[in-house]
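The values are calculated or read from the model by the stated rules, or taken from the named source; none is laboratory data. All values reported here derive from a predicted model rather than from experimental measurement. Don't worry about glycine lacking a Cβ; one is built from the backbone with ideal geometry, like all the others, and counts go over all protein chains shown. Heavy atoms of the whole protein, side chains included, go into the accessibility calculation; ligands, DNA and RNA do not. Shrake-Rupley method; radii C 1.70, N 1.55, O 1.52, S 1.80 Å.
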Amino acid sequence: VGAVEDARPDRWGERVIEVIEKPARRSLMEYLLFAGHERFGAFSVSTSDQEYAPYAVNALPGLQDVDELQRLVRLVAANEPVPVAKQRLLAPGTSMGGARPKALIDIDGAAWIIKFAELGDPADAGLVEHAAMTLAAKAGIRVAPTRPIRLQDGHAVAVQRFDRARGGARILTQSAFVALRAEGSAFGYPELAALLRRRAAPALASERRRELFRRMVFNILIDNTDDHEKNHALMLDDRLHVDLAPAFDVLPTAQGLGYQQMRVGAAQADSTIDNALSEAAQFGISKDAARREAAKVARVCAGWREHFAQAGVSARDIDYLAVFIDREFLKAQRDALVRRR
């Protein structure tokens, strides 16, 4: 069931539950229960059928706890026991999806997800993600606010939750995975654009489809090939109109795959601008207009080195990422768009 699929903890959350709660029965019901109140979207689980009584977890930790959170995350990753007195710091974050280590923290009264690097990461992933997200904003893409968090060893990145209003009110939210599967559509950018055409509020549909096109082109040119359908989300209003949620989990994957995780166009998932242009009509724009949008994104991406340096990414990490972002396959496409103007 879609709501359950979005609400369940993913690999990291399950791992933390196994360390902290040690459930004797490791079924979906147990994972849903122990994840507590802070899960993605508006769905939750109660221990009572008479009143809302979620599994109790502690209040969110704050910025002052991030170094300790990193230490605890590394204990979990190494299958080491977490001191009982410290488990309260990790418990609220067990509900969040994804495979990478993360936790929930409070920053100025709002809930943020803090994402930690994994041991052996070839670059400072937290700083790189912040740089990529702020670069995407320059390309006309709404992004979830991010903050780099300095640690004793590198950086984490904090990403503000878009599925919570100020004060903690829940916002009805679903992943593109659930939304597309529910209507029997393939997992693709054109399919997501078609869903927005049908279900978004009329005043928003056109711009959101055009923005989705820019997001697709940006992911191609910045070598973000981890753009699968769970890394896109939709928010619902009280009339059940959908809105494209701000972008999140946008950063170079640095694998040089040459294909995206979602269908791009007629050539399926191939990471080419020609493929992105092939079904421009699904995004509500002509091929010429789509090419102009792609050129705007390409001009922003052409300055990625300078932007990353200004964001604090080291020269070493920029040189490492350039092997993938500036490889001939992508650079030639980017340069061709910039030249056309």
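Considering Asp249, Asp223, the condition of being open to solvent by less than 20 Å² (accessible area, probe 1.4 Å), part of a loop (DSSP other than H, G, I, E, B) and touching a helix residue (DSSP H, G or I) at 6+ places or on another chain (Cβ under 6 Å) is satisfied by Asp223 alone. Checked against the criterion of being basic (Lys, Arg), touching a strand residue (DSSP E or B) at 6+ places or on another chain (Cβ under 9 Å), crowded, with 16+ Cβ neighbours inside 10 Å and in contact (Cβ under 8 Å) with a residue 60 or more places away in the chain, the stretch 102-111 contains one or more residues that satisfy it. I'd like to check something: does the stretch 159-169 contain any residue that is modelled with pLDDT of 95 or more and outside any loop (DSSP other than H, G, I, E, B)? Yes, the stretch 159-169 has at least one match.
Inside the stretch 255-271, residues that are surrounded by fewer than 17 Cβ atoms within 10 Å (Cβ to Cβ), without any contact (Cβ under 8 Å) to a residue 40 or more places away in the chain and more than 18 Å from His232 (Cβ to Cβ) make up a count of 3.
All of Arg198, Arg208 fail the test of being part of a helix (DSSP H, G or I), open to solvent by 10 Å² or more (accessible area, probe 1.4 Å), farther than 20 Å from Ala131 by Cβ and without any contact (Cβ under 8 Å) to a residue 12 or more places away in the chain, apart from Arg198. Contact map, the stretch 126-144: first residue within 11 Å of Arg214 (Cα to Cα) and at pLDDT below 95, second residue hydroxyl-bearing (Ser, Thr, Tyr) and open to solvent by 10 Å² or more (accessible area, probe 1.4 Å), Cβ cut-off under 8 Å, separation 6 or more or different chains; the map is empty.
Can you go through Phe213, Phe248 and tell me which one is under 16 Å from Gly140 (Cβ atoms), among the aromatic types (Phe, Trp, Tyr) and at pLDDT 95 or above?
Numbers: Phe248 fails: under 16 Å from Gly140 (Cβ atoms).
Criteria check complete, one pass: Phe213.
For the stretch 63-107, a residue qualifies if it is farther than 15 Å from Arg161 by Cα and of a type in the set (Gly, Ala, Ser), and the qualifying residues are Ala77, Ala78, Ala85, Ala91, Ala99.
So which of Arg291, Arg339, Arg305, Arg299 ends up being at pLDDT below 95 and in a helix (DSSP H, G or I)? Step through it out loud before you land on a result.
Numbers: Arg291 fails: at pLDDT below 95; Arg305 fails: at pLDDT below 95; Arg299 fails: at pLDDT below 95.
That would be Arg339, the only listed residue that is at pLDDT below 95 and in a helix (DSSP H, G or I).
Within the stretch 295-320, the residues that satisfy the criterion of being of a type in the set (A, V, I, L, M, F, W, C) and farther than 18 Å from Val157 by Cα are Ala295, Val297, Ala298, Val300, Cys301, Ala302, Trp304, Ala315. Exactly one residue out of Ala165, Ala179 is under 19 Å from the mean Cα position of the chain (by Cα) and without any contact (Cβ under 8 Å) to a residue 12 or more places away in the chain, and it is Ala165.
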